[in-house]
Amino acid sequence: DVYFAVDGFAGYGKLARKKLDELEAGARVEVDERKKSPLDFALWKSSKSGEPSWDSLWGAGRPGWHIECSAMSTKYLGQPFDIHGGGHDLMFPHHENEIAQSEGAFGSPLARYWIHNGLLTVNGEKMSKSLGNYFTIQEILEENDPVALRHFFLGSHYRSPMDFSKEGLREAGRAAVRVYETLDRAARSSAAAGDGTGDAALLDDFRREMDDDFNTPKALALVFDEVRSLNRLLDEKKFDRAQARVAALKTACEALGLLQGAPDAFFGRQKERWLKRQGLAREQVEARLAERKQARKQKKWQEADRIRRELLDRGIMIEDTPSGTEWKIK
């Protein structure tokens, strides 16, 4: 076995902002004659029966789990690279040990910035397979748009713990719908040309929040201030002023990754998921709309209204516009 002697690395503890003697005082003391300090960690482990192994200068064995990460990041990103992330529970000792071995090997910083995220829980408990309280992203996206999931995560600061709930995710989905509905409304108005630089003061506020350690909850609050302001200007038909708001809203949403396709594409994805859950085909809805159109053409108003109510009972809202009849999810 090969160990790293932490007392030989002057910077040990700098990520956790603790001195070596403080860390040693809080370390679990184990009787291990191979170590000089209980904080010393394995760089290479000798092979054991039934385990994979590789040949080395010290005989057959395998790398320690800390050094696996240093090897991969250095191979693919070089050293130093810009951002190293991970859960806050990995700061010590895992990331501290990565720094020690990588800087010990190459004499340069491992990463320029370290970002440690809070843990995700479900109903106050850590998400885990053993508790059966975990979800895969694939499962979540069968019922929710990717934008909704992204919005849900952005609603908490990345360093804070976060409790996952399906109701919270549904609320995030409703918020995403408000953004897309506003952009769609603007695109149908004279504010559609809002692709300039945006309102400078508003974008300055947004950048300030993002520069403050990626304060996405406050950045999101600014986004929805924009949504309210833009809708008010559209109500008042102040389209020239609305154009700057459209541009600012798009810029902020793009920076947060909240614009994944045009509004039509977003609402199309929503409809497909909803139809799947309802056991309906798009063709069935379109056929009923065609029947309603024919009834209106023949001035059979009661029949047209009956079809409208029938669809509304299924959760489908109809809107008659100058360009034709459109439908959306209630």
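Summary table
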| item | result |
| --- | --- |
| Helix-only mean residue ellipticity at 222 nm for the chain, each DSSP H run of n ≥ 4 adding -39500 (n - 2.57), per residue, nearest 500 | -16000 deg cm²/dmol |
| Efficiency of FRET from Cβ geometry, Glu125 and Phe81, R₀ 35 Å, rounded to 0.05 | 0.55 |
| Considering only region 45-180, percent of DSSP beta bridges that pair antiparallel, nearest 5 | 35 percent |
| Accessible solvent surface per residue of region 201-251, calculated while the other protein chains remain in place, 1.4 angstrom probe, Å² | 54 Å² |
| Probe 1.4 Å, all protein chains present, accessible-area order of Ile318, Ile307, largest first | Ile318, Ile307 |
| Cα pair count fraction exceeding 14 Å, expressed as % - region 129-183 | 58 percent |
| Per-selection Rg to Rh, region 290-330 - Cα, Kirkwood hydrodynamic radius | 0.96 |
| Rg/Rh (Cα only; Kirkwood hydrodynamic radius) as it applies to region 45-153 | 1.08 |
| Of (i) 24.8; (ii) 19.8; (iii) 23.2, the label for Kirkwood radius over Cα pairs in Å derived from the coordinates | (i) |
| Neighbour-limited loop hits for trypsin sites (Lys or Arg not before Pro), region 121-191 (at most 13 other Cβ within 10 Å; DSSP other than H, G, I, E, B) | Lys129, Arg159, Arg188 |
| With all protein chains modelled, accessible area of Met317 [1.4 Å, Å²] | 70 Å² |
| Solvent-accessible surface (1.4 angstrom probe) belonging to Ser229, in square angstrom, nearest 10 | 20 Å² |
| Region 65-162, dipole about Cα centre (Lys/Arg Cβ +1, Asp/Glu Cβ -1), debye to the nearest 20 | 180 debye |
| C-alpha long axis of helix 216-235 to longest principal axis of the chain, angle in ° | 10 degrees |
| Protein accessible area in region 186-330, 1.4 Å probe - carbon and sulfur % | 49 percent |
| Counting DSSP beta bridges with both ends in the chain, the antiparallel % (nearest 5) | 60 percent |
| Acute angle (nearest 10 degrees) that the helix 301-313 long axis makes with the longest principal axis of the chain, alpha-carbon atoms | 10 degrees |
| Amide H contacts of Trp44 (H built 1.01 Å from N, under 5 Å, at least 5 apart or other chain) | Val2, Gly64 |
| Stokes-Einstein D in µm²/s, Kirkwood radius over Cα pairs - region 135-261 at 4 °C with 1.567 mPa s viscosity | 86 µm²/s |
| Beta bridge orientation in region 36-121: antiparallel %, DSSP, nearest 5 | 40 percent |
| Cβ-based net charge around Ser37, under 9 Å, with every Lys or Arg adding one and every Asp or Glu removing one | -1 |
| Acute angle (nearest 10 degrees) that the helix 282-297 long axis makes with the longest principal axis of the chain, alpha-carbon atoms | 20 degrees |
| Two-decimal Rg to Rh for region 1-106 - Kirkwood Rh, Cα set | 0.97 |
| Excluding exposed DSSP-loop GluC sites (Glu not before Pro) (at most 13 other C-beta within 10 Å), longest clean stretch of the chain | 34-235 |
| Cα→Cβ-extended label distance, 7 Å offset, between Ser160 and Glu326, nm | 3.5 nm |
| Area accessible to solvent at His88, 1.4 Å probe radius, in Å² | 90 Å² |
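The values are calculated or read from the model by the stated rules, or taken from the named source; none is laboratory data. Bear in mind the structure is a predicted one, so any value in this text is a computation, not a measurement. All Cβ positions, even for glycine, are placed from backbone atoms using ideal geometry, and neighbour counts span all protein chains on display. The protein model used for the area step is the full one, side chains on, heavy atoms only, and it has no ligands, DNA or RNA in it. Shrake-Rupley method; radii C 1.70, N 1.55, O 1.52, S 1.80 Å.
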